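Following: one structure in C-alpha cells, then a few remarks.
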Amino acid sequence: MTASRVINPNSTTHTPGPTRTCIATKQRRNCSELLRIVATTRPDGSVAVIADPRRRMQGRGAWITPTLEAWEIADKRRAFGRALKVSTQVDAFPVKQFIATHYEAEAEDSISVVDVHVDKQGGRKDDNRKT
C-alpha cells in the first residue's frame with residue numbers, strides 16, 4: 001500500500017501546482033500567476049515575442065509577471081531574447097499590448113472600489129460621497 005501525501009494548508013513551503021521564475025522580477029510563482037511568452041519569426045525574418053495565455057504554443061517559452069512594470073524591467077534588461085535564447089534583436093511590444101489589454105484593465109477595475117468605513121453609531125459612511 002502506498003502512503004498518500006498529506007499537504008498542510010498552513011505550510012508556506014509548498015504551493016500547489018508547478019512554479020516558474022519570472023524573467024523580470026526573478027520571483028518564483030505559481031505558473032497560473034504568470035504569463036507564458038514565446039518567440040516567433042515573422043515573414044520578413046524579424047523575431048517577435050508574443051503572449052501564449054493558453055500555454056500551448058510550440059517552442060521554448062519563458063514566464064513573466066503580467067504587469068507593465070515587469071515588462072519594462074524585462075525590456076530594459078533585454079531579458080526576452082536571453083530567456084528565449086534568441087541571438088537577434090526581438091520585438092516584445094506585442095506582449096506589452098497583450099498585458100495592457102488583458103491584465104491592466106482588470107487591475108484598474110479592482111482598484112476603483114469605494115472606501116467604506118464604519119462611523120461611531122455603527123452605520124456605514126462612504127468617503128467619496130458628498131454629505
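All other residues with a Cβ under 11 Å from the Cβ of residue 36 taken together, and with Lys, Arg as +1 and Asp, Glu as -1, what is their net charge?
Computed value for this residue: +4.
How much length is gained if the chain between residue 58 and residue 102 is pulled fully straight, taking 0.36 nm per residue apart and subtracting their Cα-Cα distance, in nm to one decimal?
That pair, residue 58 and residue 102, stretches by 13.6 nm at full extension.
Zone of residue 28 (label point 7 Å along Cα→Cβ, backbone N under 18 Å): which residues in the stretch 64-83?
Under cut-off, by backbone N: 64-65.
Work out from phi, with θ = phi - 60° and the Karplus expression 6.51 cos²θ - 1.76 cosθ + 1.60, the ³J(HN,Hα) of each residue of the stretch 81-88, listed in order in whole Hz, and give x for Gly and Pro.
Rounded to whole hertz, the list is x, 5, 5, 8, 6, 10, 8, 9.
What is the calculated FRET efficiency for residue 68 to residue 44, with r their C-beta to C-beta distance and R₀ = 35 Å, to the nearest 0.05?
0.85
Amide H to amide H, which residues 5 or more places from residue 55 or on other chains are under 5 Å from it, using H placed in the peptide plane?
The list, which skips near neighbours in sequence, is empty: none.
In what sequence, highest mean first, do 62-75, 24-37, 81-94 appear when ranked by Cβ atoms within 10 angstrom?
62-75, 24-37, 81-94
Each residue of the stretch 17-24 in order: what ³J(HN,Hα) in whole Hz does its phi give by Karplus 6.51 cos²θ - 1.76 cosθ + 1.60, θ = phi - 60°, with x for Gly and Pro?
x, x, 10, 9, 9, 6, 6, 9
Taking the square root of 5 times each eigenvalue of the Cα gyration tensor, what semi-axes in Å does the equivalent ellipsoid of the stretch 27-81 have, largest first?
Largest first, the stretch 27-81 gives 20, 15, 8 Å.
Around residue 91, which amide H atoms from residues at least 5 apart in sequence, or from another chain, sit under 5 Å from its own amide H, with H modelled in the peptide plane?
Amide H neighbours of residue 91: 47, 48, 49.
Where a number appears in this text, it was derived from the coordinates with a stated rule and is not lab data. Note that the structure is predicted; figures quoted are calculated from it, not measured. With ideal geometry, Cβ positions are generated from the backbone for all residues, glycine too; neighbour counts draw on all protein chains shown.
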